[in-house]
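So the structure is just underneath, and the comments pick up after that.
The values are calculated or read from the model by the stated rules, or taken from the named source; none is laboratory data. Predicted model, so just to flag it, every value in this text is computed and none were measured. Counting neighbours? That spans all protein chains shown, and the Cβs are built from the backbone with ideal geometry, glycine included. In case anyone asks, the SASA skips ligands and DNA or RNA and just uses the protein heavy atoms, side chains included. Shrake-Rupley method; radii C 1.70, N 1.55, O 1.52, S 1.80 Å.
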Amino acid sequence: VVENNQFGKLFSLNSQQVSSQINKVQFSVYCAAAITELLRKQRDAIGLTTFSDKIEFNCQPKSNSVHYKLMYHELEKLLQPYSNTVHKTTSTAQVLHQVADTVHKRSLVVIFSDMLDTPDKQDELFKALQHLKHKKHEVILFHVMDKEKEFDFDFGNKPYRFVDMETQEEIKAYPSQIKDVYIKTIKQQQKELILKCHQYKIDLIEADIKKGVEHVLIPYLLKRQKMY
């Protein structure tokens, strides 16, 4: 399951470039494609869901070559620069409820999302995660982030124009004026997410886009080893 608010064309990057040049959606696509390739070599059935404010694409798990080509084609669409982006809101909770109801029981559900819903949507998001576990699914949640900017709020002491990529709302501010409040809020949200994932027995993995794709695959492989 890949949260998406961008569409476009494929371009080739090596591992070092991936960690320094791409955004969160593109990083998620590379990770999802790598996992898909591992499953393809094992002849496992795999499905794909991409979403923004609604499900953009969904296919049920299969293991034939035509199906894999279709998924790679859909993943390829998600790779594009910000300049051509069509901005959309996301509805993570709603989509996860749909996934929980439509995927076969006892499936492995791998989610890539930045989990940056507004506070008023957090409860619904946690209910959606609980719904997945209630349906007996194993869940791995890759919390995709730019840790340096989104969590550490590491900006220089000069005026910035912060733009919400979904709503396009703008705020002009000196980072030093809002840093303490921002970090306190984001840490509280992260604490609640960790707590809920532990409560629901969901594997939560930090996926920092600056560290490259490899650090995402290791926890996934360890999870698969435990399951099988």
Cβ-Cβ under 7 Å pairs, at least 6 apart or on other chains, region 19-48 side within 18 Å of H67 (Cβ to Cβ) and part of a strand (DSSP E or B), far side open to solvent by 40 Å² or more (accessible area, probe 1.4 Å) and not aromatic (F, W, Y): I46/P61; G47/Q60; G47/P61
Condition met for L141 (under 30 Å from V103 (Cα atoms), open to solvent by 70 Å² or more (accessible area, probe 1.4 Å) and within 23 Å of the chain's Cα centre (by Cα)): no
Filter result for the condition that a residue is closer than 21 Å to M165 by Cβ, in contact with a Phe, Trp or Tyr (Cβ under 9 Å, 6 or more places away or on another chain) and at pLDDT 85 or above, over V1, V29, V86: V29
Residues of region 155-210 classified as over 19 Å from Q122 (Cα atoms), of a type in the set (A, V, I, L, M) and touching a strand residue (DSSP E or B) at 6+ places or on another chain (Cβ under 6 Å), total: 3
Residue among Q80, Q130 that is closer than 27 Å to C59 by Cβ, in contact (Cβ under 8 Å) with a residue 40 or more places away in the chain and open to solvent by 80 Å² or more (accessible area, probe 1.4 Å): Q130
Sole exception among (1) open to solvent by 20 Å² or more (accessible area, probe 1.4 Å); (2) modelled with pLDDT under 90; (3) within 30 Å of K62 (Cα to Cα); (4) not charged (D, E, K, R) for L125, by number: (1)
I178 being assigned to a helix (DSSP H, G or I), among the β-branched types (V, I, T) and open to solvent by less than 20 Å² (accessible area, probe 1.4 Å): no
Enumeration of residues in region 190-228 that are modelled with pLDDT of 90 or more and assigned to a helix (DSSP H, G or I): Q190, K191, E192, L193, I194, L195, K196, C197, H198, Q199, Y200
Test: residue in region 110-117 that is within 25 Å of H134 (Cβ to Cβ), surrounded by 15 or more Cβ atoms within 10 Å (Cβ to Cβ) and at pLDDT below 85: yes
Odd one out for I205 among (1) over 21 Å from S113 (Cβ atoms); (2) open to solvent by less than 70 Å² (accessible area, probe 1.4 Å); (3) β-branched (V, I, T): (1)
